[in-house]
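Asks: My questions will all concern the structure given below.
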Amino acid sequence: MQRRHRVLGSPLSRQSTPARRRETVSEEGVIDCRRPRRTVRAVRTRRRYSPLVLDEIDHLAEADDLLYELPRARANGHLDAARIGVIGISNNYTFRNQLSSKVKDTLREEEISFSTYDATELRTILYDRAEKALVDDGYTDGAVGKAAALAAQDTGSARQAIDLLRKGGEIAEREDATTIEDDHIDRAREEVKRGRLRDKIADQSLHARHVLEAVAHIEHNGDTPVRTKDVMKTYQRIADERGDDPLTTLKSIQNHLSDLQMLGFLIRHEVNKGQSGGYYYTHELDMEPDVVFEACNELDKEDAV
């Protein structure tokens with residue numbers, strides 16, 4: 001993650017005086033999120049209430065420090081009349097679990113969940129985008145309807161529906177077709193799915209990726225579901241091959257497996273052998289191993305550059 005972010009630069013620039021702006025925000029709108037008191041000073045004199053909207057807040061580096069300081073700014077004497085409110089937007093439902101207990105107590109947050117789009121709403125969105133982006137007669141009603149229906153059945157995400165139609169257009173273009181048809185959307189679905197999985201894998205830490213790749217290798221060999229101790233052996237071999245210092249405790253591997261299961265990469269099974277065999281978990285991959293191999297290989301090449 002980057003240490004410097006543009007997420008706060010624009011609203012703070014508008015609220016700062018020229019002198020404050022030079023101190024707080026660069027010309028590019030970048031502020032150093034490691035110095036939250038400067039963030040607070042930027043809103044001290046301009047408004048009595050300043051809501052800060054942080055989109056994709058789960059990508060904010062050192063979020064704990066910033067989210068702890070902002071709500072306490074008035075109590076700590078950094079603000080006089082002004083008040084700060086924080087609105088965080090994220091698709092990651094586990095983000096709040098990553099915050100420290102002191103931050104959760106300070107925020108006293110309230111969660112608002114928005115329902116997903118249904119097929120009719122997605123179809124309306126797609127027609128609007130298609131009319132602006134595609135030539136007349138460049139798509140069929142069936143293709144738009146299929147993209148909307150597939151996205152509604154899966155995540156209900158407008159972004160996914162648009163990706164399906166866009167990818168369908170790319171497939172049609174590769175084949176010199178003049179119109180996006182249902183068949184192009186069917187094939188786009190698989191490409192979009194693999195792309196989304198690759199992006200999710202790229203978001204994981206280095207050792208989480210090594211653990212995931214270890215399970216993928218074991219799955220490829222037909223030896224899943226697999227216990228943690230066996231995952232650890234393969235993980236350590238992968239880390240050694242990559243030139244990375246491997247984690248050395250079984251607990252650390254268990255934690256990564258638990259996180260990967262919660263994020264939807266793995267399926268976890270509870271096994272109870274009674275007094276003789278004990279109680280433990282086994283894991284297997286919830287996607288094709290090739291997707292993991294492709295993503296990890298691409299990331300390795302990027303890291304080598």
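The values are calculated or read from the model by the stated rules, or taken from the named source; none is laboratory data. Computed from a predicted structure; not experimentally measured. All Cβ positions, glycine included, derive from the backbone under ideal geometry; neighbour counts span all protein chains shown. Surface areas here come from the heavy atoms of the whole protein model, side chains and all, with no ligands, DNA or RNA. Shrake-Rupley method; radii C 1.70, N 1.55, O 1.52, S 1.80 Å.
Asks: Once both labels are modelled 7 Å past Cα along the beta-carbon direction, what's the residue 174-residue 284 spacing in nm?
Replies: 3.0 nm
Asks: Continuing with this model, one more query. Shape verdict for segment 70-113, please, from the Cα gyration tensor: rounded (a/c under 1.5), prolate (a/b greater than b/c) or oblate.
Replies: Because a/c hits 1.5 or more and a/b exceeds b/c, segment 70-113 counts as prolate.
Asks: Right, another one. Please report, in debye to the nearest 20, how large the charge dipole of segment 51-92 is about its Cα centre when each Lys and Arg carries +1 at its beta carbon and each Asp and Glu carries -1 there.
Replies: Dipole about the Cα centre, nearest 20: 320 debye.
Asks: Subtracting the Cα-Cα distance from 0.36 nm times the residue separation, let me have the gained length for residue 273 to residue 140 in nm, one decimal.
Replies: 42.2 nm
Asks: Give a quick list of chymotrypsin sites (Phe, Trp or Tyr not before Pro) in segment 70-132 that DSSP marks as loop, anything other than H, G, I, E or B, with at most 11 other Cβ atoms within 10 Å.
Replies: Within segment 70-132, the qualifying chymotrypsin sites (Phe, Trp or Tyr not before Pro) (loop, at most 11 other Cβ atoms within 10 Å) are 93, 114.
Asks: Give the shape of segment 95-213 as rounded, prolate or oblate, defined through the alpha-carbon gyration tensor: a ≥ b ≥ c are the square roots of its eigenvalues, a/c under 1.5 means rounded, and otherwise the shape is prolate if a/b is larger than b/c and oblate if not.
Replies: Oblate.
Asks: Further, regarding this structure: Is segment 179-305 best put as rounded, prolate or oblate by its Cα gyration tensor, with a ≥ b ≥ c the root eigenvalues, rounded for a/c under 1.5, and otherwise prolate when a/b is larger than b/c, oblate when not?
Replies: Working: a/c = 2.63, a/b = 1.45, b/c = 1.81.
Oblate, because a/c is 1.5 or more while a/b does not exceed b/c.
Asks: Size of the dipole of segment 127-193 about the Cα centre, Lys and Arg at +1 and Asp and Glu at -1 on the beta carbon, nothing else charged, in debye to 20? Mind showing how you got there, number by number?
Replies: Working: 10 positive and 17 negative charges, 81 e Å.
In debye, rounded to 20, segment 127-193 gives about 400.
Asks: Just name one of 292, 281, 266: the one whose Cα is farthest towards the positive end of the charge dipole of segment 262-305 (beta-carbon charges, Lys/Arg +1, Asp/Glu -1).
Replies: So the residue we want is 281.
Asks: Once you place label points 7 Å from the Cα toward the Cβ at residue 98 and residue 249, how far apart are they in nm?
Replies: Going by the 7 Å Cα→Cβ label model, 2.1 nm.
Asks: Any idea of residue 269's accessible area? Nearest 10 Å², probe 1.4 Å.
Replies: Only protein atoms counted, so the area is about 60 Å².
Asks: Shifting gears a bit: Measuring from label point to label point, each 7 Å out along Cα→Cβ, what is the residue 74 to residue 108 span in nm?
Replies: 1.0 nm
Asks: Ok, one more. So what is the relative contact order of segment 246-294, in percent, for Cα pairs below 8 Å that sit 6 or more residues apart?
Replies: Relative contact order of segment 246-294: 28 percent.
Asks: Provide the gained length on full extension for the span residue 157 to residue 133, in nm with one decimal, where the gain is 0.36 nm per separating residue minus the Cα-Cα distance.
Replies: 6.7 nm
Asks: Setting aside same-chain residues fewer than 8 positions from residue 229, which aspartates and glutamates have a Cα under 16 Å from its Cα?
Replies: Cross-link targets: 213, 219, 270, 284.
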